[in-house]
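Please treat every number below as a calculation from the coordinates, not as lab data. Treat the numbers as computed from the prediction; the structure is a model and nothing was measured. Note that we place each Cβ from the backbone using ideal geometry, even for glycine, and neighbour counts take in every protein chain shown.
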Amino acid sequence: MTNRDNLSLSATRRELLAGALSGAAALALLRGAYAADFHRFTHGAFDITVVSDGFITLPAEILLPDATPRERQPILARLGGDAAGAPVQANIPLIRHGSDLILIDNGSGTNFQASAGKLAANLKASGIEPEAITKVIFTHAHPDHSGATTTDDGKLLYPNAEYFVSETEWNFWTDKDYEAHMPAALHDFARGAQRDLFAVKDRLTLVKSGQEILPGMLVVETAGHTPGHISFELAGDGDLLITGDACTNDVIFFEYPGWHFGFDTDPETALKNRRMLLDRAASEKIKLLGYHWSYPGVGYAERKDSAYRFVKA
């Protein structure tokens, strides 16, 4: 992580947690279909419902650290934001496979931004109680992906679930000397990750790239956003890749694949793996499901000149 990244992270921490979005943009998103609807599709042996956790607001310097102010303005407007930042949605796959009911990430919980933490309520609206979830699989341990592991009183929100995270991710966030080995800007993230991961330690499985979690569900290493970030490839009629934050936003990083994202721990590795992911997806016509993409976040990458465009499925 560069000094520029450290400064950017430090300067925007309070903005991120506050989620200060203009009233008009926030209301527009709250009226969006994701708040009341559920996108369902079948892929091979997997029945998938994309359930929204709501949205979070990211500062402009985190979303677009490489862009000039003139470049930023139209992109932020397309995202429904303003000069200060923009909202990005949180799309969580609920996957039924045989007797398993699986969440890929569990969202922000109730103490991150008021516009997020909607997963449990939306699951109930779709007829799913927290006790029915059998597996929670983390792409990584950032607070908007693992922050709903426990309730405010410390109980497990999904009490009957097994949990999975990559071994590299576990080792990174649970380092007892993290304060010496991480920039200060990540200390709050580390404390949150430790809270979430230690809460499920006795039911947590550490996984590696190439490992099958379920028949037809393969772990794919997509490091860079965090050191142990993983995605998931699901077999079917063609492949489906659940990307997490390997490609953080469909508007920005398809069109500008050479730009960085402000919360990537290793920006150059993240950029390299993002390009590889998009190139493979375009070449092999792989269906994609992205976390912070326009709801429901399901579609394809098509090449456009030296970049890509996102085509909704």
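How charged is the neighbourhood of Gly117? Take every other residue with its Cβ under 12 Å from the Cβ of Gly117, and add Lys/Arg as +1 and Asp/Glu as -1. Mind showing how you got there, number by number?
Numbers: positive: Lys118; negative: Asp53, Asp144, Asp152.
Within the 12 Å Cβ shell, the charges total -2.
Which pairs break 20 Å Cα to Cα here: Lys124/Lys155; Lys135/Lys312; Lys201/Lys272; Lys124/Lys201?
Lys135/Lys312; Lys201/Lys272; Lys124/Lys201, as the Cα separations exceed 20 Å there.
Once you've got the GNM for the chain with C-alpha springs shorter than 10 Å, pick whichever of Asp66, Asp152, Asp177 has the biggest mean-square fluctuation.
In this elastic network of the chain, the residue with the biggest mean-square fluctuation among Asp66, Asp152, Asp177 is Asp177.
Considering all alpha-carbon pairs of the range 131-188, what whole percent are spaced by more than 16 angstrom?
Details: 880 of 1653 pairs.
For the range 131-188, the share of Cα pairs beyond 16 Å comes to 53 percent.
Roughly speaking, what is the stretch gain from Asp47 to Asp188, that is 0.36 nm per residue apart minus the C-alpha to C-alpha distance, in nm to one decimal? Mind dumping the intermediate values first?
Values: separation 141, 0.36 × 141 = 50.76 nm, distance 3.58 nm.
Value of the extension gain: 47.2 nm.
Within the chain, which is the longest segment that contains none of the trypsin sites (Lys or Arg not before Pro) sitting in a DSSP loop with at most 12 other Cβ atoms within 10 Å?
Details: sites that count: Arg31, Lys155, Lys176, Lys208, Lys285.
Here the longest run is 32-154.
What GluC sites (Glu not before Pro) in the range 139-200 are in a loop by DSSP, with at most 11 other Cβ atoms within 10 Å of the Cβ? Intermediate results must be reported in sequence, preceding the final value.
Working: sites: Glu162, Glu167, Glu169, Glu179; in loops: none.
When the GluC sites (Glu not before Pro) of the range 139-200 are filtered for loop state and at most 11 Cβ neighbours within 10 Å, nothing remains.
Work through the residues other than His292 whose Cβ is under 9 Å from its Cβ and net out their charges, Lys, Arg +1 and Asp, Glu -1.
On the way: positive: none; negative: Asp144, Asp245, Asp250.
Within the 9 Å Cβ shell, the charges total -3.
Would you mind working out the magnitude of the charge dipole of the chain relative to its Cα centre, with +1 at each Lys and Arg C-beta and -1 at each Asp and Glu C-beta, to the nearest 20 Debye?
Working: 29 positive and 40 negative charges, 130 e Å.
It works out to roughly 620 debye.
Please report the spacing between the Cα centers of the range 183-252 and the range 50-124 in Å, no decimals.
16 Å
Given the DSSP H assignment, sum -39500 (n - 2.57) over each helix run of at least 4 residues in the chain and divide by its residue total; what's the result at 222 nm in deg cm²/dmol, nearest 500?
Numbers: 11 runs with 95 residues, N = 313.
Taken over the chain, the calculation gives -8500 deg cm²/dmol.
Along its principal axes, what span do the Cα atoms of the chain show, with the longest given first and each in whole Å?
51, 44, 37 Å, listed from the longest principal axis down.
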